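Trainee: The structure follows.
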Amino acid sequence: MKQAALYRWGFYLLGLLILAMGLTLNTRAGLGVSAIISVSSSISEVFGYSFGNTTLGLYAVFIVIEMILHTIRYKRYEKNTVEVLKNAGHRNRKLALLMDFLQFPLSIIFTRFLNIFSAGIPDLSSGGRSTPGQMTVRVIVLLMAIVFTGIGAAMSLNMRIIPNPGDGIVQAIADFVHKDVGFTKNCVDVVNILISTSIGLIFAGHLAGVGIGTVFAVVGVGRVMSLFNRFFYDRMNRLSCVEQ
């Protein structure tokens with residue numbers, strides 16, 4: 001069991017590191033970031049704040065919303081033990097809220113790595129218009145970002161420990177409104193893109209954080225996660241004993 005726990009935490013932490021690298025590469029390519037972090041990216045770009053700090057602020061908002069939705073939902077169904085939060089399994093309300101709260105320290109650590117990676121990776125869009133060769137490099141970096149993000153998200157989510165707030169908010173809303181997670185994810189992405197677009201146009205006069213890379217990320221990250229799980233999901237579960 002100790003060895004399985006080491007594997008589980010090892011896969012989880014490695015997944016978070018790979019995810020942080022993927023999100024950072026996404027911003028550095030300068031072609032548009034994934035929808036879930038487009039708001040923090042646009043604020044960072046327009047107002048000059050660090051990407052890690054703005055993402056921490058965004059995650060804090062997500063976590064507060066999750067806790068509110070979970071509290072309301074539990075109160076709504078507290079007399080019916082059959083109705084429980086899907087993402088909380090059969091946990092009681094206190095444990096579900098504790099898992100939400102633990103996303104705060106996770107977010108602090110995760111966003112510090114975003115700052116570290118951002119400091120070490122150059123901004124490929126800072127030079128203005130790109131030559132064909134520079135654009136090719138930016139596209140390659142974008143593709144690497146999508147691959148890293150998909151692999152990192154799959155590894156961390158598969159270990160079922162503490163969800164990334166970007167995933168947690170989608171699940172919480174889906175449970176609350178009784179809609180499919182995929183549909184809810186699309187709606188959340190659209191809302192984030194609209195907010196990011198508004199921030200860029202109002203405060204900078206141009207799009208910030210949103211671009212063709214956003215579309216690629218919306219489509220590509222899910223495909224990478226599916227492909228990764230096809231080849232590695234069963235092996236990771238056997239080593240970490242997640243389903244036992």
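The values are calculated or read from the model by the stated rules, or taken from the named source; none is laboratory data. Values in this document were obtained by computation on a predicted structure and should not be read as measured data. For neighbour counting, all protein chains shown are included, and Cβ atoms are generated from backbone atoms with ideal geometry for every residue, glycine included. These accessible areas exclude ligands, DNA and RNA; they are computed on the full protein's heavy atoms, side chains included. Shrake-Rupley method; radii C 1.70, N 1.55, O 1.52, S 1.80 Å.
Trainee: Before rounding to the nearest 500, sum -39500 (n - 2.57) across all DSSP H runs of length at least 4 in the chain and divide by the residue total; then give [θ] at 222 nm in deg cm²/dmol.
Mentor: Value at 222 nm, helices only: -26000 deg cm²/dmol.
Trainee: In degrees, nearest 10, range 0 to 90: what is the angle between the Cα axis of helix 38-47 and the longest Cα principal axis of the chain?
Mentor: So the inclination is approximately 40 degrees.
Trainee: A follow-up question, please. Could you compute Rg(Cα) / (2.2 N^0.38 Å) for the stretch 135-244, with N its residue count?
Mentor: In units of the 2.2 N^0.38 Å rule of thumb, it is 1.25.
Trainee: Give the span of the stretch 1-80's Cα atoms along each principal axis, as three whole-Å numbers ordered largest to smallest.
Mentor: 49, 39, 18
Trainee: Nearest 10 degrees is fine. How inclined is helix 212-240 to the longest principal axis of the chain, computing both from alpha carbons?
Mentor: Helix 212-240 sits roughly 40 degrees off the main axis of the chain.
Trainee: With a 1.4 Å probe and all protein chains left in place, how much accessible area per residue does the chain have, in Å²?
Mentor: For the chain, the per-residue accessible area is 53 Å².
Trainee: Next question. Using DSSP to call loops (not H, G, I, E or B), can you name the trypsin sites (Lys or Arg not before Pro) in the stretch 129-236 whose Cβ has at most 15 other Cβ atoms within 10 angstrom?
Mentor: Arg129, Arg160, Lys179
Trainee: Output needed: percent of Cα pairs per 10 Å distance bin for the chain, bins running from 0 to the one holding the longest distance.
Mentor: With a bin width of 10 Å, the distribution comes to 7, 30, 36, 20, 6, 1, 0.
Trainee: I've got another one for you. Taking the chain as a Gaussian network, Cα atoms linked when under 10 Å apart, which of Ile193, Ile121, Ile108 shows the biggest mean-square fluctuation?
Mentor: Residue with maximal mean-square fluctuation among Ile193, Ile121, Ile108: Ile121.
Trainee: If you roll a 1.4 Å probe over the stretch 171-244 with all protein chains in place, what percent of the accessible area is carbon or sulfur?
Mentor: 66
Trainee: Using a 1.4 Å probe and counting only protein heavy atoms, arrange Thr197, Thr184 so the residue with the most accessible area comes first.
Mentor: Highest to lowest solvent-accessible surface, that is Thr197, Thr184.
Trainee: Would you compute, for the Cα atoms of the stretch 91-187, the largest minus smallest coordinate along each principal axis and list the three values in descending order, in whole Å?
Mentor: 56, 29, 22
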